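Written below as structure tokens is the structure these notes are about.
The values are calculated or read from the model by the stated rules, or taken from the named source; none is laboratory data. Fair warning: this is a prediction, and the values are worked out from it, not measured in the lab. Here the Cβ is made from the backbone with ideal geometry for all residues, glycine too, and neighbour counts use every protein chain on show.
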Amino acid sequence: MRWFGKGGACKHAPYVFALFLAVAPAWAVQPDEMLADPALEARARTISHDIRCPVCQGETIDDSNAPIARDLRIIIRERLVAGDSDAQVVDYIVARYGEGVLFNPPAKGVNLVLWLAGPALLLAGIAVAVTAGRRRKGTEVTLSAEEEARLREILKE
């Protein structure tokens, strides 16, 4: 089977391209969920981008096909249509599902420990490395004359 034509281009390129399109991730937002008002839909997408799927944990609710993610997308759109501000919608979701649904939880309360743990552990690691380095400098080993003679014998063998 020849893969390349006369010009050197792959004659199967259209099929390969179609294959890549077929396996590309699709948005989980269904057409029946979208709002008719483009401004409200844009606000809903912005809010959804910061909300984590409670089931998937690593995906936004826009990317997730889980039923709970669909429910959250619908709730966001219902709240926006009802006239809530973006902050009110997020507060409603957090009150109902907890701060675990936020990709960037606020740095207050218990979350403050999580925000400060990374830098604190980094500083502690640097302090341990510096201390260990200083201790090593002062520990030079000196051999007695007998030990040096024995070492020379061993190295000659």
*Pick out the one residue from V89, V81, V23 that is among the hydrophobic types (A, V, I, L, M, F, W, C), within 26 Å of the chain's Cα centre (by Cα) and either at pLDDT 65 or above or surrounded by 12 or more Cβ atoms within 10 Å (Cβ to Cβ) (or both).*
V89
*asked:* Looking at segment 45-61, I want the residues that are of a type outside the set (A, V, I, L, M, F, W, C) and have a partner that is in a helix (DSSP H, G or I) and surrounded by fewer than 16 Cβ atoms within 10 Å (Cβ to Cβ) with Cβ atoms under 6 Å, at least 6 apart or on another chain. Which pairs are those?
replied: P54/I68; T60/H49
*Which ones in segment 139-155 are of a type in the set (A, V, I, L, M, F, W, C), loosely packed, with under 10 Cβ neighbours inside 10 Å and either assigned to a helix (DSSP H, G or I) or in contact with an Asp or Glu (Cβ under 9 Å, 6 or more places away or on another chain) (or both)?*
A145, I154, L155
_Residues that are acidic (D, E) and closer than 30 Å to H49 by Cβ, drawn from segment 96-151_ = E99
*What number of residues in segment 119-157 are under 30 Å from A107 (Cβ atoms) and of a type outside the set (A, V, I, L, M)?*
3
*Just checking, how many residues over segment 70-93 are touching a residue at least 40 places away in the same chain (Cβ under 8 Å) and farther than 13 Å from I47 by Cα?*
2
